[in-house]
1. Can you pull out the residues in the stretch 240-267 that are in a loop (DSSP other than H, G, I, E, B) and within 18 Å of residue 124 (Cβ to Cβ)?
2. On the given criteria, is residue 290 part of a loop (DSSP other than H, G, I, E, B) and either assigned by TED's automatic domain parsing to the domain that holds residue 387 or in contact with a strand residue (DSSP E or B) (Cβ under 9 Å, 6 or more places away or on another chain) (or both)?
3. Specify the residue that is nearest to residue 89 (Cα to Cα); the eligible residues are those in the stretch 365-377 that are buried (at least 16 other Cβ atoms within 10 Å of the Cβ) and within 15 Å of the chain's Cα centre (by Cα).
4. Being in a strand (DSSP E or B), surrounded by fewer than 16 Cβ atoms within 10 Å (Cβ to Cβ) and at negative phi is the filter here, so list the residues in the stretch 330-356 that pass it.
5. Here are some residues: 285, 306. Which one is over 30 Å from residue 396 (Cβ atoms) and surrounded by fewer than 16 Cβ atoms within 10 Å (Cβ to Cβ)?
6. Return a yes/no flag: does the stretch 539-546 have any residue that is touching a helix residue (DSSP H, G or I) at 6+ places or on another chain (Cβ under 8 Å), modelled with pLDDT of 90 or more and not assigned by TED's automatic domain parsing to the domain that holds residue 367.
7. Quick one: residue 204 ticks every box in (1) under 60 Å from the mean Cα position of the chain (by Cα); (2) exposed (fewer than 14 other Cβ atoms within 10 Å of the Cβ) bar one, so which box is it?
8. Determine which member of the set 173, 89 is within 30 Å of residue 384 (Cβ to Cβ), at pLDDT below 95 and either surrounded by fewer than 17 Cβ atoms within 10 Å (Cβ to Cβ) or not assigned by TED's automatic domain parsing to the domain that holds residue 210 (or both).
């Protein structure tokens with residue numbers, strides 16, 4: 001049995017939790033409230049403050065001063081990173097230089113040797129008949145243009161020869177005829193008979209032989225229409241053939257094609273007439289020169305490749321044979337470009353980031369616009385200038401640290417902007433017995449007012465005591481002077497430190513700005529900060545003293561409207 005007092009304590013705890021649930025939901029839904037909205041009980045439904053005309057102008061001026069493209073609201077914020085030489089050596093940091101260099105893109109792919117389709121021919125007949133003698137009697141035989149292939153007996157062809165001879169004799173008999181038009185008709189009949197013989201593939205020399213012999217030839221010889229190799233043979237001795245039947249296929253291999261598949265992103269670099277090198281594993285060390293003769297106007301849907309045709313002359317001994325595989329190499333001169341090593345780029349798919357070496361162990365993230373990638377280098381079209389040094393190895397760890405620091409900077413502002421005037425200082429377990437942790441002012445771990453946002457703020461940073469203040473004393477929208485006083489354990493001013501700070505507001509589209517604090521007097525360092533909007537701004541101060549690791553601490557400065 002629980003004691004009544006314990007039940008009473010448990011009921012209070014449950015009630016407090018139920019009260020905090022909608023309160024925390026409001027904080028998450030409205031992470032950004034100005035000081036005036038928090039003090040005046042602004043509506044929690046407002047996701048962010050609406051900037052005035054003057055604030056919008058300040059934002060525009062700030063963006064122009066930066067000279068950088070604002071990050072996408074969806075992109076994670078990043079902060080500069082400070083690393084000691086020991087830390088750089090531990091994670092293996094290496095560098096590359098932004099420089100101009102000539103780029104040469106080499107496209108290599110595998111192609112297949114093919115017949116030159118313009119030098120292919122079929123041997124067919126326009127008449128029916130029987131093959132008597134077969135001269136081109138095997139596949140692969142090399143024939144020359146005009147060389148006999150076979151002899152043919154065709155009754156139709158014999159009849160046509162007789163009609164031609166009869167027409168010629170009639171014309172001779174009508175030479176002295178007085179009948180009007182008789183000679184002209186006989187002449188027309190001779191021409192028609194001769195034309196039919198020519199259309200049936202009899203050569204003029206064969207027709208002259210027929211005229212001299214004065215009688216029809218029973219067997220007519222058929223000749224090759226071009227020089228080349230017989231790649232298909234359907235003719236046999238004694239075979240009956242019909243009109244239109246293909247008897248031979250002949251290929252001239254004096255020139256051949258090489259058809260290769262290129263990826264679609266490589267096609268813009270290829271044009272007709274471009275020279276290429278062809279090599280075959282069968283002939284090591286031998287390179288053939290070809291030219292791009294045609295680029296097919298479509299892609300293969302499954303492979304996402306486009307076909308490119310190369311044309312080249314064959315060797316006298318016909319080394320290049322159709323269906324051979326060949327390696328094609330295209331060299332494209334892109335000219336002199338601004339480039340960085342490819343390993344320097346961190347590509348998220350939405351944007352590309354490199355880390356620029358700012359000296360003294362400081363690395364700043366920089367968004368870049370890239371172009372062509374060639375031989376482990378990538379073209380830079382925006383974001384960098386020649387001579388800058390970028391990180392080429394270890395940049396993944398630096399990127400993680402950059403995002404972590406940016407997140408810490410934002411977390412440091414939550415007490416001022418996400419929860420009004422309340423800030424959670426620590427996460428302590430709630431005590432059940434007697435509610436001793438409940439105080440009149442609130443729950444333990446919560447104190448009203450949060451960090452001091454105006455006036456001087458003092459914090460311990462390792463062996464140093466650091467006091468941060470602004471000029472004017474209450475920071476305003478626009479440019480302000482940030483004063484950082486550094487003293488050692490003996491309360492003596494530190495004058496030989498490197499001091500800088502970054503600042504930002506937890507609001508979509510706001511960049512993390514960076515400023516260097518210069519020594520102004522004994523132990524005091526001053527830098528400029530331009531606050532674009534009223535509200536809390538998080539400042540991360542970095543102090544690098546000789547012989548010590550860099551120290552960082554977060555401060556909050558609230559900017560008021562002018």
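The values are calculated or read from the model by the stated rules, or taken from the named source; none is laboratory data. From a predicted model like this one, the values you see are computed outputs, not experimental measurements. FYI the Cβ positions are ideal-geometry reconstructions off the backbone, even for glycines, and counts take in every protein chain you see.
1. Going residue by residue through the stretch 240-267, those that are in a loop (DSSP other than H, G, I, E, B) are 242-245, 252-254, 264-266.
Scanning the stretch 240-267 gives 242, 243, 244, 245, 252.
2. Working: part of a loop (DSSP other than H, G, I, E, B): no; either assigned by TED's automatic domain parsing to the domain that holds residue 387 or in contact with a strand residue (DSSP E or B) (Cβ under 9 Å, 6 or more places away or on another chain) (or both): yes.
Judged against the criteria, residue 290 is not a match.
3. Initially, the stretch 365-377 is screened for residues buried (at least 16 other Cβ atoms within 10 Å of the Cβ), giving 365-368, 370, 372, 374, 377.
Right, trim to within 15 Å of the chain's Cα centre (by Cα) and you get 368, 370, 372, 374, 377.
On the way: 368: 26, 370: 29, 372: 31, 374: 29, 377: 24 Å.
Across the stretch 365-377, the extreme among qualifying residues is 377.
4. Narrowing the stretch 330-356 to residues in a strand (DSSP E or B): 330-341, 346-347, 352-356.
In the following step, the residues that additionally are surrounded by fewer than 16 Cβ atoms within 10 Å (Cβ to Cβ) were identified as 331, 333-336, 347.
Correct list: 331, 333, 334, 336, 347.
5. Working: 306 fails: surrounded by fewer than 16 Cβ atoms within 10 Å (Cβ to Cβ).
Answer to the check: 285.
6. So in the stretch 539-546, the residues touching a helix residue (DSSP H, G or I) at 6+ places or on another chain (Cβ under 8 Å) come out as 540.
With the extra rule that they be modelled with pLDDT of 90 or more, the set shrinks to 540.
Restricting the remaining residues to those that are not assigned by TED's automatic domain parsing to the domain that holds residue 367 gives 540.
Yes - at least one qualifying residue is present in the stretch 539-546.
7. Status for residue 204: all satisfied but (1).
8. Working: 173 fails: within 30 Å of residue 384 (Cβ to Cβ).
None of the others qualify; the one that does is 89.
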